[in-house]
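> Handing you a structure now.
Read-outs: derived from the displayed coordinates by stated rules, not from any lab. What you see is a predicted model; the values in this text were computed from it and never measured. Virtual Cβ from ideal backbone geometry, glycine too; neighbours counted across all protein chains shown.
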Amino acid sequence: ETNPNGGELSFSGGNLCTSGSANLNKNGLVTLTNSKNHIVAVELDAKFDEHLGDINDNHVGIDINSLESEIAAPSAYFKDDDGTPRNLSLSSGDLMQVWIEYDNKQKQLSVTLHPIGVPKPKIPLLSLQKDLSPYLLESMYVGFSSSTGELTASHYIFDWKFKMDGMVSDINHSRLPKIPSADQRENQSLKRILVIRLSVSGVTILILFINRKTLMEVLEDWEVQFGPHRFAYKDLHIVTRGFKDSELLGKGGFGKVYKGALPVSNMEIAVKKVSHDSRQGMREFIAEIATIGRTLGYISPELSRTGKASKRSDVFALRVVMLEITCGRKPILSQASQSKMILTEWVLECWEKGDIMQVLDHKIGQEYIEEQVELVLKLGLLCSHSVAAMRPSMSSVIQFLDNVSQLPHNLLDIMKAQETEEAPDSPASSSIAPLTFTELFVSYGR
């Protein structure tokens, strides 16, 4: 849930919520009913809320297991020459840098802001004398959350650094990506750009983000440099030198392949050019790419055949998350032994041998319930069934995880069932049996 009175970005560290309920509040922090959870956060708030004790609509605060700040101050920085404060508007659109540092010896948490291009001030904006050891556990999550409330906004993280027991080097501002739509700043009523550094006993994080009021889908520079992305045709035209024959690597029945190099990383890539009017060529191309993805364990078999995504193919992708997290490894390890190379086959083999817990990630230690781990593993295998109609729906997955429904007792036999012909992607029917998916589970004591 998001409180409509939101408008805040928070940087926090906490342990995983393992029980109780959670909802996202006005500052992007998670409110937990489980008192055992630990959260330490720094908020940058551009929305006034008197119910939470906000001092104004442009302030920075430190929150510890609460939405009410233990200490807060108007957003500003101090000049080193005379120590006078200079105001900083969190909604100005100006580039800022934020340092969040915790000195374990001094038991002091400090927050410092300053514009990009200005050296880090010697005087922090906030300084809280408090022992955080009761809140900072040996295993912690460090993350970022935000809430826009009544506003429509986007948050972009451009750069960040993290370090234990020491300080990281400062960011190289010249290597940061271009601010999205900087030339249209006058048309944007809300834009925040920040660089954040967090250090806990020498832990350091460096972040650059922008909060922009927009509903438009835009292909921006940060997408190209920092995350999964698509390439515009004109960009591919440039990197392949106009698809010249001198860059030709080879050609097949449905397209030519050219070599190129990405402009930022100079990484060599292969670009396949398929005729826009060639439906068969495009279909074969999608199948080829999907096959590569399936080898890595991410794409369902029917998606590689038809090139069409569906709810069942989404369920297939879900099992990657379930099995990767539980086993602590990727879907395929090319350097592993033959029996362990493909994750799903390894888990299924261990299950057949009666030792499915062998696949559990050793980093989990002893802090787990064996029945729950087995449920996640077996459910992950069911979601990866080669027959799309045999996979559970997302609602069924939730019911299994909540113990509302039980997996069939002969699930291992179901996993071994093979598709004799292309099964329709619907729970209403299946080519391998006269039973529907729902009937199959009911018949086995669901």
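> Distance in nm between label sites at Lys120 and Glu138, each 7 Å beyond Cα in the beta-carbon direction?
That separation, rounded to one decimal, is 3.0 nm.
> Please tell me which of these pairs span more than 31 angstrom C-alpha to C-alpha: Lys161/Lys234; Lys273/Lys308; Lys256/Lys308? Walk me through the numbers on the way to the answer.
Values: Lys161/Lys234 33 Å; Lys273/Lys308 21 Å; Lys256/Lys308 24 Å.
Too far apart for the 31 Å limit: Lys161/Lys234.
> Applying 1/(1 + (r/R0)^6) with R0 = 45 Å to the Cβ-Cβ distance of Ser174 and Ser66, what FRET efficiency is obtained, to the nearest 0.05?
With R0 = 45 Å, the Cβ-Cβ based efficiency is 0.65.
> Let me ask something else. Quick check: residue separation of Lys130 and Gln106 times 0.36 nm, minus the Cα distance between them. What number comes out in nm?
Length difference between fully extended and current span is 7.8 nm.
> Here is a follow-up. Considering the zone a paramagnetic label at Met357 would reach in this model (a point 7 Å from Cα along the Cα-to-Cβ line), which residues of the range 307-347 have amide N under 20 Å from it?
323-329, 346-347
> For Met341 and Met164, calculate 0.36 nm times their separation in residues minus their Cα-Cα distance, and state this gained length in nm to one decimal.
60.4 nm
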